[in-house]
Amino acid sequence: MGSKRVMLQNGLGKLLRSESLSADRIVDLFCGAASVSWFAATELNKTVAAFDLQEYAAVLAGAIVRRTRSLNPRTVVDEWIVPAKKACRRMAGWNDASKLDRKAPNTATWRKRSQELCDSNIGAVDSLVWCKYGGHYFSPTQAIALDAMLKTLPNKKERRDICLASTIIAASLCAASPGHTAQPFKATRTAGRYLREAWKRDPFTYAQQAVEKLCPLHATKRGQAHVADANEAAKTLSANDLVFLDPPYSGVHYSRFYHVLETIARGYCGAVEGVGRYPPALERPNSAYSRKGKSSEAMNNLLATLADRRCNTNPSQE
């Protein structure tokens, strides 16, 4: 998700390191997949404040910036992944979904039967991912696996944060959607093979890999992660803040696959519709930065606010 991970190794990290020397805090106003927030929290010995309009972004950032100690990944796997695997095999719909996977009919038939299964009353009707995205972005077995992960999240906050972030990462890596666009792959001659490849990915494998990556990472100083509008958050900043800006740069930014991750992060979603399985309009983030007629005004207002607060600003050059 995003290209800032590459940029951090290609000049951005060095720039942030030098610019942060005179700052008390690093502020990431559009944190997205949290690459910059994680880097600043773990490498710069500064407090980090991460903000984003979307819940999933705040979850990803918070899993690192709010924690000041490493955790044992083996303990987290035993406490979460192992019970989640057992739970998914007890959930309604698992046997039918597994049979469908084993038969692996032609792609069009597999997708059609998967959608019928996830829409039926015999399945996991009380499960979130199964009901909203099963047979579309995820195979039925993948959907049940993700639901099982959500149902077995640990109670302790630090571990829960890591496990929820790992679920989001696993969902992102397994989703049958090209480049996080707003629609899943179709079962056509050209796209069908990508749909099959995506549906054969194991969410538990990707979740465990995420756990093993995240557990050793932690902030040197405890920070914060919030769901907030950047222009409103800017009003709370101070002269000793170094602010990194990477606002949405596309009119479709908040129409993409991110709404699936947002549903997983929130743990709920209203009725979905259309090929992209969109939630109701009121549940979707609404950013002026994704509107051609409002983006310039929003950016000018943001820069004016940061100037008034005397912040040091470091804009992305993506």
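Computed from the coordinates by the stated procedures, all read-outs in this text should not be read as laboratory data. Please read these numbers as outputs of a predicted model, since none were measured by experiment. FYI the Cβ positions are ideal-geometry reconstructions off the backbone, even for glycines, and counts take in every protein chain you see.
Across segment 148-190, the residues whose backbone nitrogen lies under 11 Å from the label position 7 Å along the beta-carbon direction of A108 are 187-189.
Loop-located trypsin sites (Lys or Arg not before Pro) across segment 168-199 with a Cβ neighbour count of 16 or fewer within 10 Å are K186, R189, with loop assigned by DSSP.
Per-residue counts of other Cβ atoms within 10 Å, averaged by peptide: what ranking do you get for 32-43, 134-145, highest first? Working shown, then result.
On the way: 32-43: 24.9, 134-145: 27.7.
Ranking, from highest mean packing down: 134-145, 32-43.
The A271 and N155 beta-carbon pair, evaluated with R₀ = 35 Å, returns a calculated FRET efficiency of approximately 0.70. Note: relative contact order over segment 194-314, using C-alpha pairs below 8 Å and six or more positions apart, is 37 percent.
Do you know the relative contact order of the chain, to the nearest whole percent, from alpha carbon pairs under 8 angstrom that are 6+ apart?
On the way: 556 pairs, mean separation 80.7, N = 318.
Taking the mean separation of contacting Cα pairs over the length of the chain, I get 25 percent.
Expressed as cubic angstrom per residue, what is the convex hull volume of the alpha carbon set of segment 73-214? Can you show the working numbers first?
Details: hull volume 14.2 nm³, N = 142.
Normalising the Cα hull of segment 73-214 by residue number yields 100 Å³.
Taking other C-beta atoms within 10 angstrom as a stand-in for reagent exposure, L173, L44 fall in the order L173, L44, fewest first. For segment 124-166 and segment 294-311, compute the distance between their C-alpha centroids and round to whole Å. Each part's Cα centre sits 38 Å from the other's.
Each eigenvalue of the Cα gyration tensor of the chain, multiplied by 5 and square-rooted, gives one semi-axis; in descending order these are 36, 23, 16 Å. Given R0 = 35 Å, the distance between the Cβ atoms of A281 and K200 translates into a calculated FRET efficiency of 0.55.
Ordering K132, K157 from the fewest to the most neighbouring beta carbons within 10 Å gives K157, K132. In loop segments of segment 213-270 as defined by DSSP, the trypsin sites (Lys or Arg not before Pro) with at most 16 further C-beta atoms inside 10 Å of their C-beta are K221, R222, K235.
Remark: relative contact order (segment 73-214) = 28 percent; criterion is Cα-Cα distance under 8 angstrom and separation of 6 or more residues.
Using 0.36 nm per residue and subtracting the Cα-Cα separation, the extra length available between A92 and T188 on full extension is 31.6 nm. Computed extension gain for D101 through T220, at 0.36 nm per residue and net of the alpha carbon distance, reaches 38.4 nm.
List Y194, Y249, Y133 from most exposed to least, where exposure is judged by having the fewest other Cβ atoms within 10 Å.
Numbers: Y194 17, Y249 12, Y133 25.
In increasing order of surrounding Cβ atoms, one gets Y249, Y194, Y133.
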